[in-house]
Amino acid sequence: MDELNLELTFSLADVAHKDRDLYREVCQSYFDLYGVAIKVFDDNGSILFEVPGPSALCQYCFKIPPCRQACIHLVNTIRRDLPPFQTVQKTTCFTGAEYRVAPIHYGTDVVGKVLFGPFLPPELRDLPAEFLAMDRSIDSWEAWEAAKRFRRINPRLADQIAKNLATVIEVMAFVGFKGLMTTNMHVQSLSEAFEEINQKNQKLESQIARLRELNNQRASFLAAISKEIKAPLTSLIGYAEMLQEGVGGALTEDQKEFLKTIIDQGESLFAITQTIEELSRIERGQVEITPKPVAVVDLLDRIVRQGKRLGAPRDIQVKLIPLQDPIPDLFVDPDKVHSILQRIMNNAVKFTPSGGHIEVSARDDSFFGATHNSDNPAVAISIQDTGIGIPPEHVGQIFDPFFTVHRGPEHPYSGTGVGLAIAKAYTDAHAGRILVQSTPGQGTTVTVFLPTEPPGPLEQ
Amino acid sequence: MVQFNLKKREITLKIVYYGPPLSGKTTNLQALFTQADQMNRGRLVTLETKDDRTIYFDMLPVFLSASTGHRLSFKLYTVPGQPLHNTTRRVVLRGVDAVAFISTSQRDQLDANSESWANYRENLAANHLDLHDVPTVIQFNKQDLPDSLKPEEIRAVQEYSGLPTFPASAIHNTGCFETLAGLLKRLWGHLADRQALDVRLGLSLEEFEQAITRIFGNTMKRHG
Ligand SMILES: Nc1nc2c(ncn2[C@@H]2O[C@H](COP(=O)(O)OP(=O)(O)OP(=O)(O)O)[C@@H](O)[C@H]2O)c(=O)[nH]1
Ligand SMILES: [Mg+2]
């Protein structure tokens with residue numbers, strides 16, 4: 001990863017180029033004010049900006065070879081040399097005209113200069129004798145007429161003007177470069193942050209993959225264990241049944257009672273092993289869903305009948321709330337959906353005290369869709385009990401197959417986990433959703449949202 | 001990391017003002033800026049702030065000239081103190097030559113000092129540096145606030161850490177020069193030991209100190 005770079009290297013040419021029109025405007029306004037030519041150089045002596053002034057004398061000199069040479073020499077010197085830090089330099093031309101050179105700073109460096117001139121000092125009344133003596137062809141009157149086109153500027157004022165213009169350019173460059181550095185820091189810290197997020201994402205992804213793998217291992221491990229348990233369990237139940245039938249001799253009433261408990265518990269253990277195997281098949285994607293149109297009423301009738309049978313010994317009322325409006329058929333695997341409802345019903349009965357009520361209802365819930373992220377229309381089927389309820393902090397966990405294991409056997413919900421985990425897995429397999437609403441002490445409503453149409457192209 | 005620029009005959013040293021959020025790092029640089037002779041300093045660069053909190057860094061360039069014609073240039077940086085900007089802090093610290101650790105004298109902020117100090121050590125390490133490589137002094141700023149650390153408490157820190165300490169009130173422009181001068185003096189000794197820079201530049205510790213004092217002469221005048 002590239003590290004952040006604190007400072008870019010300052011270049012007056014680069015910084016000024018970006019806002020060249022503004023720099024030109026500033027130079028032009030100084031020219032308008034003083035009528036003296038202005039040039040801005042970078043630290044290599046290249047001209048960045050220039051506003052030419054009167055040049056009659058220069059043009060006159062350029063026609064005379066020795067003057068031309070002297071002129072070129074002067075210009076080259078001015079170009080080449082950078083003035084020292086925080087100074088204004090005075091340069092006098094052989095014609096008597098003057099220039100001022102002021103440094104442009106960045107930080108503690110001189111990064112360019114302003115050239116202000118040529119102008120005439122106020123006291124100059126004649127061209128210097130040395131100039132006039134440079135060549136026989138020089139006409140002093142013509143040269144003086146040309147020289148008079150230059151503005152006259154007081155030397156102290158000239159110092160100040162040059163310094164002032166240099167400062168203005170300096171400040172513009174400072175501000176421009178600061179903006180550049182800030183953008184640079186923005187970009188670099190953004191990309192650094194992006195890089196960090198990427199690394200974290202990668203870490204998370206590999207952790208997720210690892211967890212998935214562990215989960216799969218756990219599922220197959222459980223399935224393997226339950227297969228191992230099943231064989232001895234079957235013979236255990238078998239022998240107990242033989243004993244119960246008197247194959248091993250006559251039994252007392254107490255002994256019969258104990259055997260019945262052994263067989264009942266054995267069978268519920270057997271049911272758990274089957275559930276675990278099924279769950280493991282679902283988790284490993286080995287369960288196939290074959291959806292077809294199914295009438296909601298048929299499903300409800302069947303589950304209500306079953307609920308009544310289960311609830312009868314403890315006097316639990318199970319009733320179907322008549323459907324208000326015609327409800328569209330579900331598009332689901334009927335056996336799997338029955339299994340979902342059955343497991344929910346089992347729980348409802350299990351946790352409803354004697355004499356309680358269970359109500360089964362259904363409604364068209366197309367508006368909201370089977371899942372939050374699909375517009376696949378849905379039907380909601382609810383099973384509402386008057387049981388012990390689930391504390392809010394556990395509502396999210398009841399679909400965890402190991403929830404009851406975590407809680408320990410003495411926990412009132414023990415035995416719910418695996419069954420509901422299957423209900424959830426099957427619902428997920430239908431791209432549906434289960435909603436649990438519960439108030440401890442008052443009861444629980446479990447609602448399953450199931451699709452009424454084949455999944456849209458998005459899900460496929 | 002001392003930088004030598006042959007062409008410009010310039011040696012550049014990087015000084016970083018480190019420390020907890022709001023301890024007055026930026027204020028220190030502002031104070032130094034107003035004190036420094038403008039012949040020896042550039043503009044104070046303040047890169048992007050939000051509600052006056054530093055986001056990237058501030059930078060004040062200062063230089064002095066040696067009799068050999070070399071220029072000794074110091075770049076004074078601040079780091080952003082807010083925890084969130086650790087990446088920037090680490091980067092600003094890269095290649096540092098000396099650190100002024102600006103802590104606060106407020107009694108209820110001492111944890112922030114410690115946290116920032118631990119963070120300073122971490123970021124030094126991240127830059128493959130160590131306290132032995134980087135001359136460091138500690139400033140206890142905001143001495144003007146009521147119930148701030150007392151001189152003997154500050155001295156205790158100095159004795160315990162072996163690092164020079166300086167009381168200051170940056171907002172009133174006191175102690176900032178002393179902190180920097182103390183740090184530069186230490187740095188100069190360090191560079192004399194390791195690179196014989198004093199001999200190579202013909203600038204003894206005493207002359208170096210005088211030069212620094214000249215640059216920040218405004219303080220001297222203020223103190224009479
Ligand atoms: N009372 C008092 N306040 C100070 C002093 N020095 C700085 N402050 C105030 O403390 C606040 C923070 O100062 P800054 O210099 O911005 O702090 P900083 O360390 O740069 O903060 P970050 O950039 O967020 O890390 C400002 O309101 C300053 O005016 C001081 O000596 N005394
Ligand atoms: Mg700051």
Self-check item: Antiparallel %, DSSP beta bridges [both residues in the stretch A:254-388], to 5
Solution: 70 percent
Quiz item: Hey, got the average number of other protein chain Cβ atoms within 10 angstrom for residues in B:49-60?
Solution: 2
Exercise. Please order A:THR452, B:THR87 by the number of other Cβ within 10 Å, starting at the fewest.
Key: B:THR87, A:THR452
Quiz item: Could you give the angle, 0 to 90 degrees to the nearest 10, between helix A:296-311's Cα long axis and the longest principal axis of the Cα atoms of chain A?
Solution: 60 degrees
Quiz item: How far is helix B:205-215 tilted off the main Cα axis of chain B, in degrees rounded to 10, range 0 to 90?
Solution: 70 degrees
Quiz item: Over chain B, what is the percentage of antiparallel beta bridges among all DSSP beta bridges, to the nearest 5?
Solution: 45 percent
Quiz prompt | Nearest-ten-degree value, helix A:155-244 long axis tilted from longest Cα axis of chain A | solution = 10 degrees
Quiz item: Quick one: Karplus J couplings for the stretch B:191-200, per residue in order, coefficients 6.51, -1.76, 1.60, θ = phi - 60°, nearest Hz, x for Gly and Pro?
Solution: 6, 5, 4, 8, 10, 6, 5, 4, 5, 5
Exercise. Once you've got the Cα coordinates, tell me which of B:LYS50/B:LYS150; B:LYS25/B:LYS150; A:LYS90/A:LYS178; A:LYS18/A:LYS90; A:LYS350/A:LYS424; A:LYS18/A:LYS113 are over 23 Å apart.
Key: B:LYS50/B:LYS150; A:LYS90/A:LYS178; A:LYS18/A:LYS90
Quiz item: Is there a simple number for the mean count of other chain Cβ atoms within 10 Å of the Cβ of residues in A:165-174, and what is it?
Solution: 1
Self-check item: Integer Hz, Karplus 6.51/-1.76/1.60 couplings in order for the stretch B:173-180, x for Gly and Pro
Solution: 6, 10, x, 5, 5, 4, 4, 5
Exercise. Report, ordered by chain and residue number, the aspartates and glutamates lying within cross-link reach of A:LYS336, taken as a straight Cα distance under 17 Å and ignoring same-chain residues fewer than 8 apart.
Key: A:GLU277, A:GLU278, A:GLU283, A:GLU288, A:ASP298, A:ASP301, A:ASP428, A:GLU453
Exercise. Please work out the Cα center distance from the stretch B:19-35 to the stretch A:66-82, rounded to the nearest Å.
Key: 47 Å
Practice problem: Take every DSSP beta bridge with both residues inside the protein assembly as shown and express the antiparallel ones as a percent of the total, to the nearest 5. | Solution: 70 percent
Exercise. Quote the relative contact order of the stretch B:149-224 in percent (integer), defining contacts as alpha-carbon pairs under 8 Å separated by 6+ residues.
Key: 18 percent
Quiz prompt | Unpaired by the 4.7 Å Cβ criterion, cysteines found in chain A | solution = A:CYS27, A:CYS58, A:CYS71, A:CYS93
Quiz item: Taking Cα pairs under 8 Å and at least six residues apart, what relative contact order does chain A come out at, in percent?
Solution: 10 percent
Quiz item: By per-residue mean of other Cβ atoms within 10 Å, what is the highest-first order of A:254-262, A:165-173, B:54-62?
Solution: B:54-62, A:165-173, A:254-262
Quiz item: So who's got an amide H within less than 5 Å of the one on B:GLN139, skipping anything under 5 residues away but keeping other chains? H placed 1.01 Å off N, in plane.
Solution: B:PHE101, B:ILE102, B:SER103, B:PHE166
Quiz prompt | Helix-only CD estimate at 222 nm, as mean residue ellipticity for the protein assembly as shown, using -39500 (n - 2.57) per DSSP H run (n ≥ 4) | solution = -15500 deg cm²/dmol
Quiz prompt | Residues A:ARG100, B:ARG89, A:ARG302 arranged by fewest to most Cβ contacts within 10 Å | solution = A:ARG302, B:ARG89, A:ARG100
Self-check item: Student exercise, the protein assembly as shown dipole from Lys, Arg, Asp, Glu Cβ charges, in Debye to nearest 20
Solution: 2520 debye
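Each reported figure results from applying straightforward, stated rules to the coordinates on display, with no laboratory input. Only a predicted model underlies this, so the values are computations on that prediction, with no experimental measurement involved. No Cβ is skipped: glycine too gets one built from the backbone with ideal geometry, and neighbour counts run over all protein chains shown.
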